[in-house]
1. For ARG186, all conditions in the list (1) modelled with pLDDT of 95 or more; (2) over 19 Å from GLN123 (Cβ atoms) hold save one; what is the number of the exception?
2. Quick one: which of SER54, SER10, SER95, SER20 is under 19 Å from GLY164 (Cα atoms) and either modelled with pLDDT of 80 or more or not hydrophobic (A, V, I, L, M, F, W, C) (or both)?
3. Does at least one position in the stretch 113-123 carry a residue that is assigned to a loop (DSSP other than H, G, I, E, B), among the acidic types (Asp, Glu) and modelled with pLDDT of 95 or more?
4. Can you go through GLY231, GLY221 and tell me which one is in a loop (DSSP other than H, G, I, E, B), out of contact with any helix residue (DSSP H, G or I) (no Cβ under 8 Å at 6 or more places or on another chain) and at positive phi?
5. Determine the pairs where a residue that is among the aromatic types (Phe, Trp, Tyr), located within the stretch 135-153, has a partner that is not in a loop (DSSP other than H, G, I, E, B) with Cβ atoms under 8 Å apart, the partner being 6 or more residues away or on another chain.
6. When the stretch 203-228 is examined, which residues are found to be in contact with a strand residue (DSSP E or B) (Cβ under 6 Å, 6 or more places away or on another chain) and either among the acidic types (Asp, Glu) or loosely packed, with under 13 Cβ neighbours inside 10 Å (or both)?
7. Pull up the stretch 134-155, narrow it to residues that are of a type outside the set (S, T, N, Q) and modelled with pLDDT under 95, then point me to the one that is surrounded by the most Cβ atoms within 10 Å (Cβ to Cβ).
Amino acid sequence: MIKNLKNIASIALIALAISSCSKTKDAPLVNEPQQEKNDKVYNYIRSLGFPSSSIVDLGTEYMVEEDISFPKNMDVPVTDGSPKLEQYYTGTLVSPANAANIKVFVDPSMASMNAEITSAIAQWNAVAGSALNFSIVAAAPYDIRITNVNLGNGVCGSGTFPSGGRAGNLIRINKAYIAGNSFAQRARTICHEFGHNISFRHTNWAAIGESSAINVPGVGGTDALSIMNGGQCGSGATVLSVKDKAATAALY
């Protein structure tokens with residue numbers, strides 16, 4: 001009887017060992033490289049001075065301050081790893097060669113706002129002392145795609161920052177939400193998002209509770225007339241201010 005019990009115990013141990021090996025072999029693998037890339041994007045956002053409380057995880061992207069999008073698969077600009085205080089611009093610019101010919105593709109969903117888009121582009125192209133130039137193209141290849149997306153109430157649009165020497169590649173406009181705004185205000189929203197695509201941050205950083213900011217070189221102080229003030233959809237300045245133009249000329 002004892003011998004039989006020993007045999008049964010041995011069989012049970014062997015079965016347990018086989019079962020344990022099977023679980024280990026079949027356990028799902030963690031996609032470490034993707035997680036690491038996502039963390040790099042999050043850390044990059046923090047390095048720009050955005051507090052963790054302002055970073056919203058939307059699954060495939062992080063959204064900051066309701067209108068600045070960071071895709072999780074974006075190429076993160078190479079930095080020295082040290083934290084940076086919040087700036088009027090990200091510190092990462094569109095390269096001179098690319099800035100001179102930024103191609104914009106208007107998605108069919110935005111065709112009804114072609115005039116507003118053209119108006120917004122004309123403002124950036126007209127800045128004296130700047131080599132920055134946007135142009136609308138009918139098909140790929142392009143640098144920026146502008147499209148209509150329902151971003152919910154209170155969010156008028158979103159843009160992306162430059163990466164790899166190229167302009168941020170996407171602008172999303174909440175067309176239904178801004179439809180009731182004046183033509184000038186609709187164009188203003190689009191013009192504002194183009195500013196993010198070429199690296200500009202919100203000028204009124206202090207008033208909307210952001211961290212301390214570093215000025216664009218040679219252009220100091222806040223500016224109530226800046227088109228890059230955040231939180232002013234439907235009520236903000238509709239043209240680039242003197243300081244907006246000076247900052248653009250300083251960077252480009």
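The values are calculated or read from the model by the stated rules, or taken from the named source; none is laboratory data. Predicted model, so just to flag it, every value in this text is computed and none were measured. Here the Cβ is made from the backbone with ideal geometry for all residues, glycine too, and neighbour counts use every protein chain on show. Accessible surface areas use protein heavy atoms only, side chains included; no ligands, DNA or RNA. Shrake-Rupley method; radii C 1.70, N 1.55, O 1.52, S 1.80 Å.
1. (2) is the only condition that ARG186 fails.
2. Details: SER54 fails: under 19 Å from GLY164 (Cα atoms); SER10 fails: under 19 Å from GLY164 (Cα atoms); SER20 fails: under 19 Å from GLY164 (Cα atoms).
The conditions single out SER95.
3. Here is the first cut: in the stretch 113-123, the ones assigned to a loop (DSSP other than H, G, I, E, B) are none.
Looking through the stretch 113-123, none of the residues is assigned to a loop (DSSP other than H, G, I, E, B), among the acidic types (Asp, Glu) and modelled with pLDDT of 95 or more.
4. On the way: GLY221 fails: out of contact with any helix residue (DSSP H, G or I) (no Cβ under 8 Å at 6 or more places or on another chain).
Being in a loop (DSSP other than H, G, I, E, B), out of contact with any helix residue (DSSP H, G or I) (no Cβ under 8 Å at 6 or more places or on another chain) and at positive phi holds for just one of GLY231, GLY221, which is GLY231.
5. TYR142/LYS103; TYR142/VAL104; TYR142/PHE105
6. Of the residues in the stretch 203-228, the ones in contact with a strand residue (DSSP E or B) (Cβ under 6 Å, 6 or more places away or on another chain) are 205, 210-211, 213-214, 216, 228.
The answer is GLU210, and nothing else.
7. First, the residues of the stretch 134-155 that are of a type outside the set (S, T, N, Q): 134, 136-146, 149, 151-152, 154-155.
Now restrict to residues that are modelled with pLDDT under 95: 151-152, 154-155.
Working: LEU151: 20, GLY152: 9, GLY154: 10, VAL155: 17.
Once the filter is applied, the top-ranked residue is LEU151.
A quick yes/no check of all residues on (1) under 22 Å from VAL94 (Cβ atoms); (2) out of contact with any Phe, Trp or Tyr (no Cβ under 7 Å at 6 or more places or on another chain); (3) of a type in the set (D, E, K, R):
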{"residue": "THR147", "(1), (2), (3)": "yes, yes, no"}
{"residue": "SER158", "(1), (2), (3)": "yes, yes, no"}
{"residue": "PRO162", "(1), (2), (3)": "yes, yes, no"}
{"residue": "GLY165", "(1), (2), (3)": "yes, yes, no"}
{"residue": "PHE183", "(1), (2), (3)": "no, yes, no"}
{"residue": "SER199", "(1), (2), (3)": "yes, no, no"}
{"residue": "THR203", "(1), (2), (3)": "yes, no, no"}
{"residue": "GLY230", "(1), (2), (3)": "yes, yes, no"}
{"residue": "ALA247", "(1), (2), (3)": "yes, no, no"}
